[in-house]
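Trainee: Below is the structure I would like to discuss, written out as structure tokens.
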Amino acid sequence: MNNIEVLEALLEQNPILPQPAVVANASGRYLAGSKPPSVKPRMKKLIELTHRNFDDVVQGYANDPEKVVLVAAMRAEVGACRKSQLLLEMANGQIYEDAAKADGGQRRTMVASGADGDASISESKEEKSEPEPDMVLCRFDMASSHLLFERYGVQAVPTYLIFHGGKLVYGGALGGAPITLRTGREPPHVLLVEPTIKDQIITEKIMKKDKVRCDLALSARDVQHHVSLQRSQGLGKGARKFHGIVILGDQLSTSDIASVTSTFESMEGTLFVSLCPRQTIPVAKGVIYRVVTGKDGSQQIRTAKAYQPSAKNASKRSKVCLASGVVWNPTQDHLRNGKAHIAVMKPFKPATLAYLVTRWKRQDFHGPQKKPSKDHLDADHMGLSVPGLLSKLKAAREDGKQGRYLPEGQMFGLSLSSTEATVRGTVLKK
């Protein structure tokens, strides 16, 4: 026997066991031929839609509150559409596998409850029939019809439309290369509820100078308008919300404050700030709060030693920081009966804005009973993946159940302005 025959005989008597991917892909210390077993994902073709059966398929599931339909507008000659179709087929296969597992327990129960003769017959029938999943994935060829262009203004491909109850709940992009829209270093979106026009203009100038996005409102009614407008654009959903800081003016009534805070009550990570009238609180001789920038660019708040939390300081009178105007040891009246997290005395200053943005990023104002939420600091990207697609479909189904549909006549083309652009339903800010 030569060396090759000896090696083959040894391999037959001592077969190579499967190794983990980390070991198999390591350096030459391990046998290169030993690879971990790979499981090929199940692929399931998408439902082909045309202008003839589009309404029948979308409206066919309108009466089932658990059904959600995704329509992918594609063109066969576009490379991004071909890649997207492969991933959608993988997601569709996983959806059918999950549905089959969910129906497996019901099948076994039906077989066990019947007679022996009837059991084999019912089991064979159940195995031949495919399960009916709650998520329906479809493909629409844009080259065959102008239906989606005329009805929804779809021009770019791939574009995804999600329907629940026969109505549109989402339209826009899900795939393509990762595009970071927001990061934790950027300031939050601020909502200023200030009835006094003069103070509103002063605060708005400071925020524009520091490039902080700010919406203005005179009353609780204007706040409701802003919230409905943002939701119509597909924002303000999920754990990460569109208004990170809400500033309450000193001239607001108690009913307006209750209405505003109740609107954002379910939105995690929202910082409420109460504005106090000028010269109503004594000002400290020195600086109480100072925002310091570290070497890595992160910002921290340093409190003077004389004003750090202690049992002795807890009983002292409220004072205002000379630099930032933030109230130290605020009372319940300063915080509008506990509705706000931080109190600030007018006038609003650049140092005030720096303090509020830093506190919002730290998310340390929730109280001991709630854990800080940092979902608002995660980068938002448009990368398409199977888990991300399934998560988006589940979120769209919940929006549909709560009646949060997009307005009729919603178009998903391209719109530009001096400060923002809307591309395939995605709002890009300057």
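Trainee: Could you compute Rg(Cα) / (2.2 N^0.38 Å) for region 190-377, with N its residue count?
Mentor: So region 190-377 has a normalised radius of gyration of 1.01.
Trainee: In nm, to one decimal, how far is the Lys45 label point from the Asn14 one, both placed 7 Å along Cα→Cβ?
Mentor: Calculated label separation equals 5.0 nm.
Trainee: Report the gain in length on full extension from Ser310 to Glu130: 0.36 nm times residue separation, minus Cα-Cα distance, nm rounded to one decimal.
Mentor: Separation in residues times 0.36 nm, less the Cα-Cα distance, equals 58.2 nm.
Trainee: Would you mind calculating the gained length between Val386 and Ala100 on full extension (0.36 nm times residue separation, minus the Cα-Cα distance), in nm to one decimal?
Mentor: Full extension from Val386 to Ala100 adds 101.2 nm.
Trainee: Which entries of Lys208/Lys319; Lys208/Lys349; Lys316/Lys349; Lys209/Lys349; Lys198/Lys346; Lys285/Lys361 have Cα-Cα distances beyond 18 Å here? Kindly include the intermediate steps, with their values, before the conclusion.
Mentor: Values: Lys208/Lys319 28 Å; Lys208/Lys349 12 Å; Lys316/Lys349 25 Å; Lys209/Lys349 11 Å; Lys198/Lys346 12 Å; Lys285/Lys361 28 Å.
From the list (Lys208/Lys319; Lys208/Lys349; Lys316/Lys349; Lys209/Lys349; Lys198/Lys346; Lys285/Lys361), the Cα-Cα distance tops 18 Å for Lys208/Lys319; Lys316/Lys349; Lys285/Lys361.
Trainee: Here's another thing I want to ask about it. Highest first, please rank the peptides 301-313, 88-100 by the mean number of other Cβ atoms sitting within 10 Å of their residues.
Mentor: 88-100, 301-313
No value in this document is a laboratory result; all are computed from the given coordinates. Only a predicted model underlies this, so the values are computations on that prediction, with no experimental measurement involved. For neighbour counting, all protein chains shown are included, and Cβ atoms are generated from backbone atoms with ideal geometry for every residue, glycine included.
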